[in-house]
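**Q** Just passing along the structure, written as structure tokens.
The numbers here are math on the coordinates, done by the rules we state, and not lab data. In this text the structure is predicted, and so the values were computed from the model without any measurement. Here the Cβ positions follow ideal geometry from the backbone for every residue, glycine too, while neighbour counts run over all protein chains shown.
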Amino acid sequence: MNDSAFHSVDGVMHVEDVSAASLVEQFGTPLYVYSRDALTRAYRAYADACANRRATAHVAVKANSNLAVLNVFARMGAGFDIVSSGELARVIAAGGKVSNTVFSGVGKSATEMCEALELGVKCFNVESIPELHALDAVAGSLGKRAPVSLRVNPDVDAKTHPYISTGLKSNKFGVAFADARAAYRAAHAMANLDVVGIDCHIGSQITEISPYLDAVDKLLELVEQIEADGMKIHHIDVGGGLGITYDNETPPDIGRFVKTVLDHIDARGHGARDVYFEPGRSLGGNAGVLLTRVEYLKPGEEKNFAIVDAAMNDLARPAMYEAFHRIVPVVERAVVTAQRYDVVGPVCESGDWLGRDRDLAIEQGDLLAICSAGAYGFTMSSNYNTRPRAAEVMVDGERARVVRAREEVAQLFAGESVLPD
């Protein structure tokens, strides 16, 4: 997984200084394991590249919302990017600052707007004219002014999976580029809104810098038009979406990516503005693994199956996006002949697979590590088939701590009731 926090010692996977096999002995499977060191180094790459520039990183909470993970970033002074009031509550619980949190999302409710305004959120990234009217009304009812940035859809192809491409005309996100100037005029005319910035987010798992530069060029063109209309744009939010290496991808180095974008903005004469980045996957993706145990090896006429105790409810990305995650044995077996397997879970769906056509030297009872699972792993998990969600563990050097306890079956229906007689 190309991260020194995850490495082999005498044929056994280690997370920092802790054996992955020992983690399973202590905490069971399926098990999400995160490396504090990997999280720290990824964030510092953004922070160092932003240092002495008018730029900041706001961590995308949706990628990994575990309190311990968010706290690692909060301790380093990170800002946050949220898409719900639940995520705002997590930021607060993790020690993050509401005043350094931007509120994104296409469907904010009036209740969420009210709560965020009362708590003093940094900015609302607004995605439609109806949302502008709703936010203006909520702010007016509270006697407050809401800081707003319009998320503009620049119609730039991020060259990624269709489900995680968000900047095209056909996507639900943002204000159409052709309508954006008029939308800013409308926002400026509303009594309870303060226009402060402009925002875009073109997609996720982007492995080239050029789509970002294309989007920035369109944003800066629009900024000049907006300011000609009498408004001041204080910040430019270029969103997140920088990709990671799952298999053989070669995304740009974080520092080079940030510097290239900032230098491009400077070269266009806009270096006096603040710039926000909203990283998620590039912070946590390769800072986590999902550990699972092989329950059965099932030979078939056309396929061999390694049936494991993790499933699509634990890691939805393969079933949802046909996403690739490297799968490696926790303990290498030199005397077992590798065979080709589909790695599948126990959920009652043909789509319940975690990896296809993998050459693995394994036996029943062995442990596997599903790599690059630190982002959009646990946050997208569910209780389908009444399966308790996995525990989460944070490794910090020689120490390992449970940062989310494994769910118990009884918890899953504790809020339900049968009909009375």
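**Q** Hey, can you tell me all the residues within segment 75-119 that are of a type in the set (G, A, S) and in a loop (DSSP other than H, G, I, E, B)? Full working, then the answer.
**A** Here is the first cut: in segment 75-119, the residues of a type in the set (G, A, S) are 77-79, 84-86, 89, 93-96, 99, 104-105, 107, 109-110, 116.
Scanning segment 75-119 gives G77, A78, S84, A94, G95, G96, S104, G105, G107, S109.
**Q** Within segment 261-275, can one find any residue that is touching a His at 6+ places or on another chain (Cβ under 9 Å) and either surrounded by fewer than 15 Cβ atoms within 10 Å (Cβ to Cβ) or within 14 Å of V152 (Cβ to Cβ) (or both)? Show your work before the answer.
**A** Restricting attention to segment 261-275, the residues satisfying the condition of being touching a His at 6+ places or on another chain (Cβ under 9 Å) are 273-275.
Narrowing further to those that are either surrounded by fewer than 15 Cβ atoms within 10 Å (Cβ to Cβ) or within 14 Å of V152 (Cβ to Cβ) (or both): none.
Looking through segment 261-275, none of the residues is touching a His at 6+ places or on another chain (Cβ under 9 Å) and either surrounded by fewer than 15 Cβ atoms within 10 Å (Cβ to Cβ) or within 14 Å of V152 (Cβ to Cβ) (or both).
**Q** Only one residue in A45, A21 is farther than 26 Å from D309 by Cα, of a type outside the set (D, E) and in a helix (DSSP H, G or I). Which one? Walk me through how you get there before you give the answer.
**A** On the way: A21 fails: farther than 26 Å from D309 by Cα.
After ruling out the rest, the residue left standing is A45.
**Q** Restrict the check to segment 226-235 and report whether at least one residue is of a type outside the set (F, W, Y) and under 30 Å from A373 (Cβ atoms). Walk me through how you get there before you give the answer.
**A** Restricting attention to segment 226-235, the residues satisfying the condition of being of a type outside the set (F, W, Y) are 226-235.
Right, trim to under 30 Å from A373 (Cβ atoms) and you get none.
No, segment 226-235 has no match at all.
**Q** Starting from residues that are in a loop (DSSP other than H, G, I, E, B) and either of a type in the set (A, V, I, L, M, F, W, C) or touching a helix residue (DSSP H, G or I) at 6+ places or on another chain (Cβ under 8 Å) (or both), keep the ones in segment 247-260 and report whichever is surrounded by the fewest Cβ atoms within 10 Å (Cβ to Cβ). First the steps, then the outcome.
**A** Of segment 247-260, the ones in a loop (DSSP other than H, G, I, E, B) are 247-253.
Filter again for either of a type in the set (A, V, I, L, M, F, W, C) or touching a helix residue (DSSP H, G or I) at 6+ places or on another chain (Cβ under 8 Å) (or both), leaving 251-253.
Working: P251: 18, P252: 18, D253: 13.
If we take residues in segment 247-260 being in a loop (DSSP other than H, G, I, E, B) and either of a type in the set (A, V, I, L, M, F, W, C) or touching a helix residue (DSSP H, G or I) at 6+ places or on another chain (Cβ under 8 Å) (or both), then D253 is surrounded by the fewest Cβ atoms within 10 Å (Cβ to Cβ).
**Q** Residues being outside any loop (DSSP other than H, G, I, E, B), closer than 23 Å to E332 by Cα and among the small types (G, A, S): count how many of those fall in segment 368-399.
**A** The number of residues fulfilling the criteria is 1.
**Q** Further question on the same structure: All but one of (1) touching a residue at least 12 places away in the same chain (Cβ under 8 Å); (2) part of a loop (DSSP other than H, G, I, E, B) hold for E301; which doesn't?
**A** Of (1) touching a residue at least 12 places away in the same chain (Cβ under 8 Å); (2) part of a loop (DSSP other than H, G, I, E, B), only one is false for E301: (1).
**Q** Hey, another quick one. Name, by its number, the condition in (1) assigned to a loop (DSSP other than H, G, I, E, B); (2) acidic (D, E); (3) over 19 Å from P30 (Cα atoms) that does not hold for D357.
**A** With respect to (1) assigned to a loop (DSSP other than H, G, I, E, B); (2) acidic (D, E); (3) over 19 Å from P30 (Cα atoms), D357 is out only on (1).
**Q** Please verify whether segment 199-208 includes one or more residues that are within 18 Å of I129 (Cβ to Cβ) and assigned to a loop (DSSP other than H, G, I, E, B).
**A** So in segment 199-208, the residues within 18 Å of I129 (Cβ to Cβ) come out as 199-200.
Narrowing the set further to residues that are assigned to a loop (DSSP other than H, G, I, E, B) leaves 200.
Yes, there is a match, as at least one residue in segment 199-208 is within 18 Å of I129 (Cβ to Cβ) and assigned to a loop (DSSP other than H, G, I, E, B).
Okay, residues lined up against (1) more than 24 Å from G243 (Cα to Cα); (2) hydroxyl-bearing (S, T, Y); (3) crowded, with 17+ Cβ neighbours inside 10 Å:
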| residue | (1), (2), (3) |
| --- | --- |
| S350 | yes, yes, no |
| I370 | no, no, yes |
| A373 | no, no, yes |
| Y376 | no, yes, yes |
| T386 | yes, yes, no |
| E392 | no, no, yes |
| A400 | yes, no, yes |
| Q411 | yes, no, no |
